[in-house]
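These notes are about the structure you will find just below.
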Amino acid sequence: MGVVQKIFYTHLPMAWWSLVSFFVVFVASILYLAKGRDAYARLAGAAAELGVLMSGLALVTGMCWAKPIWGVWWTWDPRLTTTLVMWFVYAAYLLLRASDVGGQRKATVLAVLGVVAFLDVPLVFVSARYWRSIHPSVLGSQGGGMEPEMWQAMIANLVAMGLLWLALLLVRTKQLAAGAAVTGLLRHGASRN
């Protein structure tokens, strides 16, 4: 595959960490519904932002790989289609999160959406195995997979992307908490006047 094969080493880690992001949205949304703590809503929001970013970049890097290898930028392959649907659902989640609609109920609606949206994540993961697909299935595949030499580079990139993901998640969650604190102080100050 030549040089274009190197895209794979960032494409796959971004795709995997986007799925982890959406799992964090799922868990944080359940915790918000169970306990009602705003910290869980902020964690879900931060994870959704990272998931949309990483899944979007995975789609773009996949397209950059697909053009020289498959000869097309996009094919309506099951994995590509389910990933695009997942991206749109979580992008809608972020749009709703950024809107001024809903008041106090908005966090509950977002949490429910965060739980329901996760239904597409397992579909993305298994789509290349269970439906006719040209997309390679890397783990446990029957006719493909990776050469043993590729695993070292892949694991290094998975770990590096994971560390970057964790750092961004922590920073963004703290930013959202600081923003909520400032908003609370402004409301408190406005109510005293």
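The values are calculated or read from the model by the stated rules, or taken from the named source; none is laboratory data. Predicted model, so just to flag it, every value in this text is computed and none were measured. Heads up, the Cβs are rebuilt from the backbone with ideal geometry, glycines too, and the neighbour counts pull from every protein chain shown. Protein only, heavy atoms only, side chains kept; ligands, DNA and RNA dropped before computing areas. Shrake-Rupley method; radii C 1.70, N 1.55, O 1.52, S 1.80 Å.
Of all residues in segment 3-58, those being surrounded by fewer than 23 Cβ atoms within 10 Å (Cβ to Cβ) and polar (S, T, N, Q) number 2.
State yes or no: is TRP74 part of a loop (DSSP other than H, G, I, E, B) and open to solvent by 50 Å² or more (accessible area, probe 1.4 Å)? Yes; evaluated as a whole, the condition is true for this residue.
Taking each residue of segment 166-193 that is more than 15 Å from ALA41 (Cβ to Cβ) and looking for partners that are assigned to a helix (DSSP H, G or I) with beta-carbon atoms closer than 7 Å, six or more apart or interchain, yields LEU168/LEU50. Residues of segment 85-120 that are open to solvent by less than 30 Å² (accessible area, probe 1.4 Å) and within 13 Å of PHE22 (Cβ to Cβ): MET86, TYR90, ALA91, TYR93, GLY114, ALA117, ASP120.
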